[in-house]
Amino acid sequence: MSVAVVADGLEKRFGATIALAGVSFRVDAGELFGFVGPDGGGKTTLFRILATLMIPDAGRAQVLGADVVRDLWRLRPRVGYMPGRFSLYPDLSVRENLEFFASVFGTTIDRERSRIAPIYSQLEPFADRRAGALSGGMKQKLALCCALVHRPDILFLDEPTTGVDAVSRREFWDLLGTLKKGGMTVVVSTPYMDEATRCDRVALVQRGRLLATDTPHRIAASFDRPLVAVHVDDRYHALLTLRQSPHARAVYPFGESLRYADARGDVSIDAVVGEVSAFLASHGFAHVRVEPATPTVEDVFIARMGAPDAEAA
Amino acid sequence: MTARLTPGAPQPAPAIRARDLTRRFGSFVAVDHLTFDVGAGEVFGFLGANGAGKTTAIRMLTGLLAPSGGTATVAGHDVLAEAERVKRAIGYMSQRFSLYEDLTVRENITLYGGIYDLRDREIRERTDRMLARLGLERQADDMVRAIPLGWRQKLAFSVALLHEPRIVFLDEPTSGVDPITRRQFWELIYEAAAAGTTVLVTTHYMDEAEYCDRISIMVSGMIGALGTPGELKREFGVPSIDDLFVRLARPS
């Protein structure tokens, strides 16, 4: 399989702030690759370097076989980039924005129609609306369309779904799936852990470093401690109480239940279920149900960053 | 932590009470006869897709926008006739704007204390208490822009509670922060609710919807679902609030 991106030891600092502290990874051609992590983790700096918009302090990166610094002018027309902040012209209409980005790269909407059809067909009913007056989800679809209109071979999408509602997020990821089926390499970043599962592979990013790079399934499976879900009426007080239990490594809210991760590696899950049930019962909690939980990428992220109650702030 | 009532007990006045609350912009009805109560000390999730009318509703409930029809009281004050009293009774924090980045942590706290007419001694005492609780003593004289987003959000929440409001409105408070900080933020919410503060919160994280005592999901200016997360999942026969949200927001 051919390689779309190779990064080797990328570093970047801004004054005293270290944005990237030696980042290395590779993305295969045709892959849907995700960088998952919070704001301020270094994702945006990394994307700017890969999109030829910023020069790293150290390390090197190749995109489609071209060096992002030395071969910048050869590379740029082949790269589609969607920045994290909405960066289209709010006073231009949907069609005018798209025409503008097409003309910058010497093409037209009509010539690229087949390429952008899956997305443009959703935008066309609003073709004359000002971009600034679109809903959050539609703005992101327009931005994606503008990043695609010059027929790039690879897409870099920096947090395309931040601040977008849950339904529009799903629709946006469906579009990324369609692009991938068409052979496009897509590199995307997101703060939403649930979106990690829609990628072929993900890298977990925290403070300028990659904590792990693998398939979402293998990352989730790397969780190496007993993990149980606790269903209880008074979650807040159960949370505070469970943290005092002798073998708690981390206790945190997780959707409708609490997650309890045990600190011991050599104890059976059934034993932990029994101990946690007994501990809560002995502290007067009623209607408690404890069951083994399947670890997710989010559990792994939390474990690698440090337990919520162990961190200073 | 909630204000769930025993049957027959006297009902305390709801913290928020909306009756047919409506707002039109020209011919467009952004909020369409909204009727709901939020109990004192409740954590209420106010959900909806972009454009469903959440922001318009919140602007009316916080006394910033006059309703076109209907009524609402917040902390017992009418949002139209007593908008200024509403503003004093509530705290507000949004993801987009909360603190002045070019002021230090301490200056931000002092500024908000002054805006809410706290005395100098109260401001000093509450500032010290807040910094200690957040573990921010050493950053007290740093510019807000220099501290990490997660800490900024926790500080913004504490500042919104500085004047001890009965109700706090949180508009996407956890957007873009890491999973640990999100959870720490929710523990601050639980703590405030346990102390009797009513919390109305919006979020795009559907797992956070499950953390609320009750939620509403707005669809096209109206309430499409209202209840505890457990009740709603049973009523609609869905495994998660995420699935319910998708079903309501995009009826096929």
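Translational diffusion of region A:186-313 was estimated from the Stokes-Einstein equation, with Rh taken as the Kirkwood radius over Cα pairs; at 37 °C and 0.692 mPa s the coefficient is 212 µm²/s. Extents of region B:106-187, taken as max minus min of Cα coordinates on every principal axis and listed largest first, are 37, 30, 19 Å. Counting, for every residue in A:232-242, the Cβ atoms of other protein chains within 10 Å of its Cβ and taking the mean gives 3. Counting neighbouring Cβ atoms within 10 Å and putting the fewest first, the residues A:Met54, B:Met60 line up as A:Met54, B:Met60.
Note on region A:213-291 and region B:63-131: Cα centroid distance 38 Å, given to the nearest whole angstrom. For region B:29-106, trypsin sites (Lys or Arg not before Pro) are listed when DSSP marks them as loop and at most 11 other Cβ atoms sit within 10 Å of their Cβ; the list is B:Arg96. The Stokes-Einstein estimate for region A:118-270, based on a Kirkwood radius over Cα pairs and taken at 4 °C with 1.567 mPa s viscosity, is a diffusion coefficient of 69 µm²/s. Dimensions of region A:1-130 based on its C-alpha atoms, expressed as ranges along the principal axes with the largest first, amount to 45, 35, 26 Å. Near the amide H of B:Thr198, within less than 5 Å, lie the amide hydrogens of B:Gly41, B:Ile167, B:Val168, all on another chain or at least 5 residues away, with H placed in the peptide plane. For chain B, the relative contact order works out to 26 percent when only alpha carbon pairs closer than 8 Å and six or more residues apart are counted. Averaged over peptide B:205-212, the number of partner chain Cβ atoms lying within 10 Å of each residue's Cβ comes to 5. Close amide-amide hydrogen proximity is noted between A:Leu157 and A:Met82, A:Val187, A:Val188, A:Ser189, each under 5 Å apart and 5 or more residues distant or on a separate chain (H modeled in the peptide plane; Pro and chain starts excluded).
Specify whether the C-alpha gyration tensor of region A:131-181 places it in the rounded, prolate or oblate class, a ≥ b ≥ c being the square roots of the eigenvalues: rounded for a/c under 1.5, otherwise prolate if a/b is larger than b/c and oblate if not. Oblate, since a/c reaches 1.5 and b/c is not below a/b. A straight Cα-to-Cα reach below 16 Å connects A:Lys12 with the lysines A:Lys43, residues fewer than 8 places away in its own chain not being considered. Once C-alpha pairs closer than 8 Å and six or more residues apart are averaged by separation and normalised to the residue number of region B:44-156, the relative contact order reads 19 percent. Cross-link partners of B:Lys54 among lysines, defined as those whose alpha carbon lies under 20 angstrom from its own and excluding same-chain residues fewer than eight positions apart: A:Lys139, B:Lys87. In the protein assembly as shown, the DSSP-assigned H stretches of four residues or longer account for a calculated mean residue ellipticity at 222 nm of -10000 deg cm²/dmol, using -39500 (n - 2.57) per stretch and the full residue count as denominator. Residues whose amide H falls under 5 Å from that of B:Met222, counting only those 5 or more places apart or on a different chain, are B:Asp32, with hydrogens built in the peptide plane.
Overall shape: oblate for region B:9-105, with the ratio a/c of the largest to smallest alpha carbon gyration tensor axis at 1.5 or above and b/c at least equal to a/b.
Which of the three applies to chain A, rounded, prolate or oblate, going by the alpha-carbon gyration tensor with a ≥ b ≥ c and a/c under 1.5 meaning rounded? Note, shape of chain A comes out prolate. Separation of region A:2-29 and region A:98-150, taken as the distance between their Cα centroids, equals 30 angstrom. Over all pairs of different C-alpha atoms in region A:107-194, the reciprocal of the mean inverse distance, the Kirkwood hydrodynamic radius, equals 13.5 Å. Taking 4 °C and 1.567 mPa s as conditions, the protein assembly as shown diffuses translationally at an estimated 51 µm²/s according to Stokes-Einstein applied to its Kirkwood radius (Cα pairs). Equivalent ellipsoid of region B:38-154: semi-axes from √(5λ) of the C-alpha gyration tensor, largest first, are 30, 18, 13 Å. The peptide list B:40-46, B:178-184, A:24-30, A:87-93, put in order of mean Cβ contacts within 10 Å with the highest first, becomes B:178-184, B:40-46, A:24-30, A:87-93.
Values quoted throughout were computed directly from the atomic coordinates according to the rules given, and no laboratory measurement underlies them. This is a predicted model, so every value here is computed, not measured. As a convention, Cβ positions derive from the backbone with ideal geometry for all residues, glycine included, and neighbour counts pool all protein chains shown.
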